[in-house]
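Asks: Before we start, here is the structure in question, set down as structure tokens.
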Amino acid sequence: MPDRTTPATDPGPPPSSSLGDSLAGGWADRGEELPPEDWGRARGRRRTGTVWLFALFITAMALGHAWISDELTSQAFLAWATIFTAISFQALPFLVFGVALSAALTAFVPPSAYQRFIPSKPSHAVPVAGASGALLPGCECASVPIAGSLIKGGVAPAAALTFLLAAPSINPVVMIATAVAFAGQPEMILARFVASLLAAVVIGWIWVRFGRADWLRLPTHNHAPGASRWQVFRESMLHDMMHAGGYLVVGGLAAATLNIMVPREWLLAVAGMPVVSVLVLALLAILLSICSEADAFVAVSLTDFSPTAKLAFMVIGPIVDLKLLAMQAGVFGWRFVARFAPLCLLVGLLSTFLIGGLIL
Amino acid sequence: MNRIAQGLTLVLLGAAALTSTIPTDLYLNWVKAGFGPFLIAAGVAMVLLGVLVIASELRGEDEAEEEHGHGADAEVVAAGNTVSAQESASAVERDYEEAYGRGRGTQGHDHSRAPGVAWLLLLPVLAVFVVAPPALGSYTVEATSGSSGPPPEDRRAGAFDDGVEEAAPGEVVSMDIRQFVMRAWIDEDRLLVGQEVELTGFAVPEKDGDGWYLARLQMACCAADAVVNKVYISNEPAPEADTWWTVRGTWVEPEGELSEVSQHELTALEVQEVTNPPDPYE
């Protein structure tokens, strides 16, 4: 068969056309949407093209490693590259963990299991979800895909969103990191826990009352009955990794740029003003996108600011930041982010002022 | 982005994570040493997932070609007896591939193709293999010159971990710059007076002046949260920026309140270049 001798370079007249037709028959019988007629034809060629593209990319990297690496001496660029790589690589293990856990939830946990643990009434489910956020060790990169799979599993969106906010804010690792950073100031640890949990639960309740389902764009995975659980796991993990991972890099780029560009002197100029300093640190938390497990160490280093301002840095950071916004957009869509992020910022700030006023 | 591209991207990203941890120590320039095992695990997981995705895609292609070989039969089966074809195991698997792997969802959202933004996952790969970013150094210290102040770990007296209290009279205490500035700023008993200490860090020459700083970055998690700790030295000529030095010396006791001090100074007794710098952060 001549057309099978060189399958990698030229599949010849599209071999899959007859297959496509036969499958199309099967699809039509089940009343499903037809795949477009031409999707399969150029696939083999396109795949070969992809492989060539990557071969070219790897060659270019090898050449770049040999020739360009020594030319890159601009200090500002290197510092930027270091911070970008640092943010990406620090988030990577958490992202992989979160994506794997979320895929496992999708593939191996039947929706009925959630209904047993989480109350069906959304307004009751929200506090339960907030409290269970204290159990998952991880940062915000892990919680976005997990919240997505919770919603797909039938959990009320408001409850899943509360979990999304609470998990990176009050989990054990974050609380321990806060305790280490603020040694000798237990009131700060308490304030962080209460303010973050309060904000997450209140946002959940507001979403129960005012949220609309069509603001959330969730891809509906229609698993074929023949798909094994491991196939569902693999596909779900790939899907989340590509969506959340791509946007994680967007967030890392933005955060690294701002980290280099915003001079710290500007901050010191406003540190003395009572309300403005709180808003400035909240803004800084959004821009810097520091992992929630590290933000306490940065907060404590901002020594010129009031305790309430430091609290704002730690409450806002895990629920609104550039990296998180980009990842949420990847999983839930920009329509959602445009409504959810301002809500989080507003409620988070109110909660900070309230708890900061009471405890600190 | 088709499935082959997604698989290859994952393999490359995993390879970048593994390259920077196992054969080299590059990752220490960016994240805490404790992240090493997690990065290795994440790298292995990504390579594995990428290989599985590519394998499933190529297997799909092989099946398609085999089907083409028996194209006539397949068509007869499909046209004549769809039900039995669907019941056969291979057809079910193929349906799955079409419905989930490469087909279209109910909203016209194609699950097999990742959004264009996923190409950006190649940027960290480029960063590792081409740029191989170094640890932060004198540039960052200069850029954050205004933020000099008491150290991040605002521990109360009695919680020092620098070994000054245990030191025998006349003994040189070797400590981190972080520990030194913390002791200098917080210890109201001023135990550092007259105490010889040994500090290791990189040199940052003063922009307009003859002095220089011995500096070290303190990292909680990754380079994005690095905090500068530095000590001013004026009685030794400034070395080249970013060279590593071990300095033995004594604290210059400031006048007035400790909390009012803007920077701490060391009288150097002996400076020695470090040829093989340790973990860049402390």
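Asks: Tell me yes or no: at least one residue of the range B:184-202 is within 25 Å of A:Ala256 (Cα to Cα), buried (at least 23 other Cβ atoms within 10 Å of the Cβ) and under 30 Å from the mean Cα position of the chain (by Cα).
Replies: Among the residues of the range B:184-202, at least one is within 25 Å of A:Ala256 (Cα to Cα), buried (at least 23 other Cβ atoms within 10 Å of the Cβ) and under 30 Å from the mean Cα position of the chain (by Cα), which makes the answer yes.
Asks: Go through the range A:286-318 and give me each residue that's under 28 Å from A:Ser88 (Cβ atoms), within 12 Å of another protein chain (Cβ to nearest Cβ) and part of a helix (DSSP H, G or I).
Replies: A:Leu287, A:Leu288, A:Asp295, A:Ala296, A:Phe297, A:Val298, A:Ala299, A:Val300, A:Ser301, A:Lys310, A:Phe313, A:Gly317 - these are the residues of the range A:286-318 that are under 28 Å from A:Ser88 (Cβ atoms), within 12 Å of another protein chain (Cβ to nearest Cβ) and part of a helix (DSSP H, G or I).
Asks: Those residues that are within 14 Å of chain B (Cβ to nearest Cβ) and either free of Cβ contacts under 8 Å to residues at least 12 places away in the same chain or closer than 13 Å to A:Ala156 by Cα (or both), I need them from the range A:93-139; list them, please.
Replies: A:Pro93
Asks: Filter the range A:319-357 down to the residues that are at pLDDT below 90 and assigned to a loop (DSSP other than H, G, I, E, B), then identify the one that is farthest from A:Val278 (Cα to Cα).
Replies: A:Gly333
Asks: May I ask you to list the residues in the range B:223-264 that are touching a helix residue (DSSP H, G or I) at 6+ places or on another chain (Cβ under 9 Å) and in a strand (DSSP E or B)?
Replies: B:Val227, B:Val228, B:Asn229, B:Lys230, B:Val231, B:Trp251
Asks: On the given criteria, is B:Val164 outside the structural domain of B:Asn29 (by TED's automatic domain parsing), part of a loop (DSSP other than H, G, I, E, B) and either β-branched (Val, Ile, Thr) or modelled with pLDDT of 85 or more (or both)?
Replies: yes
Asks: All but one of (1) over 13 Å from B:Val141 (Cα atoms); (2) not in a loop (DSSP other than H, G, I, E, B) hold for B:Leu214; which doesn't?
Replies: All conditions are met except number (1).
Asks: Check A:Ser112 against each of (1) in a helix (DSSP H, G or I); (2) at pLDDT below 80; (3) closer than 30 Å to B:Gly50 by Cα and name the one condition it does not meet.
Replies: So A:Ser112 meets the others, but not (3).
Asks: Identify the residue in the range B:217-243 that is in contact (Cβ under 8 Å) with a residue 60 or more places away in the chain and of a type in the set (D, E, K, R) and, among all such residues, is surrounded by the most Cβ atoms within 10 Å (Cβ to Cβ).
Replies: Here the residue is B:Lys230.
Asks: Condition first: more than 7 Å from chain A (Cβ to nearest Cβ) and surrounded by fewer than 23 Cβ atoms within 10 Å (Cβ to Cβ). Now tell me which residues in the range B:2-13 satisfy that.
Replies: Within the range B:2-13, B:Val11 is the sole residue that qualifies.
Asks: Looking at the range A:146-173, I want the residues that are of a type in the set (Lys, Arg) and have a partner that is in a helix (DSSP H, G or I) and crowded, with 24+ Cβ neighbours inside 10 Å with Cβ atoms under 8 Å, at least 6 apart or on another chain. Which pairs are those?
Replies: A:Lys152/A:Thr106
Asks: Go through B:Gln218, B:Gln179 for me and flag whichever is touching a Lys or Arg at 6+ places or on another chain (Cβ under 7 Å) and within 30 Å of A:Asn259 (Cβ to Cβ).
Replies: Criteria check complete, one pass: B:Gln218.
Asks: Tally up the residues in the range A:85-117 that are within 21 Å of B:Gly34 (Cβ to Cβ) and either not assigned by TED's automatic domain parsing to the domain that holds A:Ala294 or not β-branched (Val, Ile, Thr) (or both), please.
Replies: Count: 13.
Asks: Still on this model: Out of the residues in the range A:58-80 meeting the condition of being within 8 Å of chain B (Cβ to nearest Cβ) and among the polar types (S, T, N, Q), tell me which one is surrounded by the fewest Cβ atoms within 10 Å (Cβ to Cβ).
Replies: A:Ser69
Asks: Working only within the range B:14-42, note down all residues that are facing chain A (nearest Cβ under 8 Å), in a helix (DSSP H, G or I) and surrounded by 17 or more Cβ atoms within 10 Å (Cβ to Cβ).
Replies: Listed by number, the residues that qualify are B:Ala17, B:Tyr27, B:Asn29, B:Phe35, B:Phe38, B:Leu39, B:Ala42.
Asks: Among the residues of the range A:163-211, what is the count of those that are surrounded by fewer than 18 Cβ atoms within 10 Å (Cβ to Cβ) and not in a helix (DSSP H, G or I)?
Replies: Result for the range A:163-211: 2.
Asks: Name the residues in the range A:179-195 that are touching a residue at least 60 places away in the same chain (Cβ under 8 Å) and β-branched (Val, Ile, Thr), would you?
Replies: Within the range A:179-195, A:Val180, A:Val194 qualify.
Asks: Taking A:Ala181, is it over 18 Å from the mean Cα position of the chain (by Cα), closer than 30 Å to A:Val298 by Cβ, among the small types (Gly, Ala, Ser) and assigned by TED's automatic domain parsing to the domain that holds A:Asp240?
Replies: yes
The values are calculated or read from the model by the stated rules, or taken from the named source; none is laboratory data. All figures in this text were calculated on a predicted structure; none of them were measured in a lab. Glycine gets a Cβ as well: all are built from the backbone with ideal geometry, and neighbour counts include every protein chain shown.
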